[in-house]
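Each reported figure results from applying straightforward, stated rules to the coordinates on display, with no laboratory input. Being a predicted model, the structure only gives us computed values, none of them experimental. As a convention, Cβ positions derive from the backbone with ideal geometry for all residues, glycine included, and neighbour counts pool all protein chains shown.
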Amino acid sequence: MSDIGRPKTVTPPSTVHRPRSSYLRAIGAVAWKDLAAELRSKELLSAMLVFALLVILIFNFALELDVKTRNSVTSGVIWVTFVFAGTLGLNRSMAIEKDRGCLDGLLLAPVDRSAIYFGKAISNLTFMFIVEIIILPAYSFLYNINLFQPGLLLVILLGSIGYTAVGTLLSAMSVQTRTRDVMLPILLFPVIVPVLIAAVKASGGYLQDLPFDQILPWLNLLIVYDIIFIAISFMVFDYVVEE
């Protein structure tokens, strides 16, 4: 018999990619929500920038050092600045969500909760990058040191990713407690010791023009740390935000 006139069932090609595209849209929506809210209020970035600038100004007056010694301590100073400013930002970012009731709304949304994690991590990383873009020229001007080396910028990128990956997860955990402002540093600082040491050592290596084979182990540690903790955060975020 002929098939003419018989209805045919055709699966739309777009349905094959729908789960992945909806997951990516959820990540983008969460990240954009945070960025748009910050563009309106500028509450988070202003606090991070003021704090970071105060830290480097204090170090500038406290460390009256010659050029050679400055190169050896610069890596430690910039990472202390990034970590302290970043911790302030992580704490406020999740606390704002909790206080406004937005966190509960996000958790009730019909999306995979790991998408919420990645969206928050991307927005937190963006805030970190904005602070770093402003702090690096200011520090270079005060200390007369060139911080815009490709290798050093790579270290800052890897270190910031690892720090934000862990910080976003732990800030979601600490925001559920009454002592959230104190709890986040207590939870975060011991966990980021490996990435902080590796970032300081690798940054110092580039600033002191050490051979690349002496810097490579620290770069490898940063990469491994980033991969491991992004994977762990992806798997456990759903359990962390459960009340």
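Ellipticity at 222 nm from helices only: DSSP H runs of n ≥ 4 in the chain, each -39500 (n - 2.57), divided by the residue count, give -29000 deg cm²/dmol.
Keeping to pairs on different chains or 8 or more places apart, tell me how many lysine pairs in the chain have Cα atoms under 23 Å apart. Spell out each step's value before the answer.
Numbers: LYS33/LYS42; LYS33/LYS98; LYS33/LYS120; LYS42/LYS98; LYS42/LYS120; LYS68/LYS201; LYS98/LYS120.
Taking the chain as the scope, the lysine pair count is 7.
Under the membrane-span-like helix rule (DSSP H runs whose alpha carbons stretch at least 27 Å along the helix axis, mean Kyte-Doolittle hydropathy 0.5 or higher), the chain yields 43-62, 113-143, 150-174, 212-240.
If exposed means no more than 16 neighbouring beta carbons inside 10 Å and the site is in a DSSP loop, what's the longest run of the chain without any exposed trypsin sites (Lys or Arg not before Pro)?
The longest such stretch corresponds to 101-177.
Between ASN124, ASN144, ASN71, the GNM of the chain built on Cα springs shorter than 10 angstrom shows ASN144 fluctuating the most. The slack in the chain from LEU35 to GLN176, taken as 0.36 nm per residue of separation less the alpha-carbon distance, amounts to 48.5 nm.
Shown here: the chain, whose C-alpha atoms stretch 92, 44, 31 Å along the first, second and third principal axes, sorted largest to smallest. Our estimate of slack between PHE148 and PHE61, defined as 0.36 nm per intervening residue step minus the Cα-Cα distance, is 29.0 nm. Length gained on full extension, THR69 to VAL193, computed as 0.36 nm times the residue gap minus the Cα-Cα distance: 42.3 nm.
Under the convention that each Lys and Arg Cβ holds +1 and each Asp and Glu Cβ holds -1, the size of the dipole of the chain around its Cα centre is about 600 debye.
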